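One structure below.
Each value in this text was obtained by applying a stated rule to the coordinates, not by laboratory testing. All values reported here derive from a predicted model rather than from experimental measurement. Glycine gets a Cβ as well: all are built from the backbone with ideal geometry, and neighbour counts include every protein chain shown.
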Amino acid sequence: MELRDTILRKSYEIFYKQGFHDSGVELLARQAGTTKRTLYAHFGNKEGLIEAVLEYRHHMFMNQLKDYFDNSEIKDVADIARCYLAFIKNWTLSEDFYGCMFINACAEYSDTGSSPHQIAKQHKTKVRQWLFDKFEQISLENAKQKSDTLFVFGEGIIVATQTGQESLELEDDVFKGFS
């Protein structure tokens, strides 16, 4: 594995568990088996590394979402809703769930003009667009409304789990609104 990829992967793990501000460059370099100088040579500075890690996480998330849908039978609107919410619920209940890295980035970088905040916004926008495209593929007339509603449900599950509400149970009646 290329050193840059090792730094990226190890930094992702540390940022995800400890946060961006609590993860120093010295620690990041040490965990990747390199020096701060080498880390800076690959990413410029800590902000450049954070940006790369957020992009890395975005691609990882979208690939996992796509794979989950590819392995599910999707015939109608309710199937899209069930599949997306099951994906989110399974992720949030996984052993290595430390919240949403993008929500965490917005919390740590509250300035909406900051690069991490902007990348988080782009990620969430792309997820919304992906859901919209799924509804469009089945020729749903109100695809925008349905995709936005589903997105908000998913975000609610993420935040609920981050705040210790992982015992939430979704009833099938929730999906009637997607029929």
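Counting other Cβ atoms within 10 Å of each Cβ, which trypsin sites (Lys or Arg not before Pro) in region 71-127 have at most 16 and sit in a DSSP loop? It would help to have the intermediate numbers written out before the result.
Numbers: sites: 75, 82, 89, 121, 124, 126; in loops: 75.
Hits after loop and neighbour filter: 75.
Anyone know which of 65, 28, 168 comes out most mobile in the 10 Å Cα GNM of the chain?
168
Volume per residue, Å³, of the convex hull around the alpha-carbon atoms of region 12-169?
Details: hull volume 19.7 nm³, N = 158.
Looking at region 12-169, the number lands at 125 Å³ per residue.
At residue 149 and residue 95, where each label point lies 7 Å from the Cα along Cα→Cβ, what is the point-to-point distance in nanometres?
With each label placed 7 Å out from Cα toward Cβ, I get 3.8 nm.
What do you get for chymotrypsin sites (Phe, Trp or Tyr not before Pro) in region 54-104 restricted to DSSP loop and a cutoff of at most 15 other Cβ within 10 Å of the site's Cβ?
Working: sites: 56, 61, 68, 69, 84, 87, 91, 97, 98, 102; in loops: 97, 98.
Sparse-neighbourhood loop chymotrypsin sites (Phe, Trp or Tyr not before Pro): 97, 98.
Give me the angle, in degrees from 0 to 90, between the Cα long axis of helix 115-137 and the longest principal axis of the Cα atoms of the chain, rounded to the nearest 10.
The angle comes out near 30 degrees.
Out of region 27-123, which GluC sites (Glu not before Pro) are coil in DSSP terms and have no more than 15 other C-beta atoms within 10 Å?
Details: sites: 47, 51, 55, 73, 95, 108; in loops: 73, 95.
For GluC sites (Glu not before Pro) across region 27-123 that sit outside H, G, I, E and B with at most 15 neighbouring Cβ atoms in 10 Å, the list reads 73, 95.
As I understand it, the value is the acute angle between the Cα axis of helix 77-92 and the longest principal axis of the Cα atoms of the chain; what does it come to in degrees, rounded to 10?
On a 0 to 90 degree scale, this one is about 30.
Please state the shape class of region 1-84: rounded when a/c is under 1.5, otherwise prolate if a/b exceeds b/c and oblate if not, all from the C-alpha gyration tensor.
Values: a/c = 3.55, a/b = 2.81, b/c = 1.26.
Here region 1-84 falls in the prolate category.
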